[in-house]
Amino acid sequence: MVHVLSSRTLLRPTDPERSRAFYGGALGLAVYREFGTGPERGTVYFLGGGFLEISGRSDTPPSPGLQLWLQVADASAAYDELSAHGVEVLRPPVREPWGLIEMWVADPDGVRIAVVEVPADHPLRHRP
């Protein structure tokens, strides 16, 4: 078995500066580390228990199959904050049939991001 010590999602955006403005500015993710120089430099953001690395450049947007899942304490507060920062909200927070409160936003390249609140009464909050 592979012993994984850490993990991160690598994102090669079409416009790295625009993506850094989105993830660092609009979403407010904290920077873990930066490397290199210029517009192609790499920026690694804290992403809860993992990391998101924005580095390099791609001629095409990421695959539509790539989606991010971000858990927050309060989806309604996240909606207000992200809307105020001009983030494209694809769908405001809704309590799903499976009990999670989910909102969907998109990054500048159209990467869909689920912003999820786990309510206090949800089974994910309770351990047997």
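The values are calculated or read from the model by the stated rules, or taken from the named source; none is laboratory data. Source: prediction; values computed, not measured. With ideal geometry, Cβ positions are generated from the backbone for all residues, glycine too; neighbour counts draw on all protein chains shown. We work out accessible area using only protein heavy atoms, side chains counted, and drop any ligands, DNA or RNA first. Shrake-Rupley method; radii C 1.70, N 1.55, O 1.52, S 1.80 Å.
Screening VAL87, VAL44, VAL72, VAL94 for residues that are touching an Asp or Glu at 6+ places or on another chain (Cβ under 7 Å) and either of a type in the set (Gly, Ala, Ser) or open to solvent by less than 30 Å² (accessible area, probe 1.4 Å) (or both) leaves exactly one candidate, VAL44. Here ALA78 passes the criteria (1) open to solvent by less than 30 Å² (accessible area, probe 1.4 Å); (2) outside any helix (DSSP H, G or I); (3) within 25 Å of HIS126 (Cα to Cα); (4) not polar (S, T, N, Q) except the one numbered (2).
Being over 24 Å from LEU11 (Cα atoms), outside any helix (DSSP H, G or I) and in contact with a strand residue (DSSP E or B) (Cβ under 8 Å, 6 or more places away or on another chain) holds for only one residue in PRO93, PRO62, PRO97, and it is PRO93.
If I filter segment 23-35 down to residues being open to solvent by less than 40 Å² (accessible area, probe 1.4 Å) and within 11 Å of ILE54 (Cα to Cα), which single residue comes out as farthest from the chain's Cα centre (by Cα)? Restricting to residues being open to solvent by less than 40 Å² (accessible area, probe 1.4 Å) and within 11 Å of ILE54 (Cα to Cα), the top hit is GLY24. Taking only pairs six or more apart or across chains, which ones have beta-carbon atoms under 9 Å, a first residue in segment 46-57 that is in contact (Cβ under 8 Å) with a residue 40 or more places away in the chain and among the charged types (D, E, K, R), and a second residue that is part of a loop (DSSP other than H, G, I, E, B) and open to solvent by less than 10 Å² (accessible area, probe 1.4 Å)? Partner pairs satisfying both residue conditions: ARG57/PRO13. Filtering segment 3-22 to residues that are outside any helix (DSSP H, G or I), open to solvent by less than 60 Å² (accessible area, probe 1.4 Å) and of a type in the set (Ser, Thr, Tyr) leaves THR9, THR14. Under the condition of being among the β-branched types (Val, Ile, Thr) and either farther than 27 Å from PRO16 by Cβ or open to solvent by 40 Å² or more (accessible area, probe 1.4 Å) (or both), the residues counted in segment 97-128 number 2.
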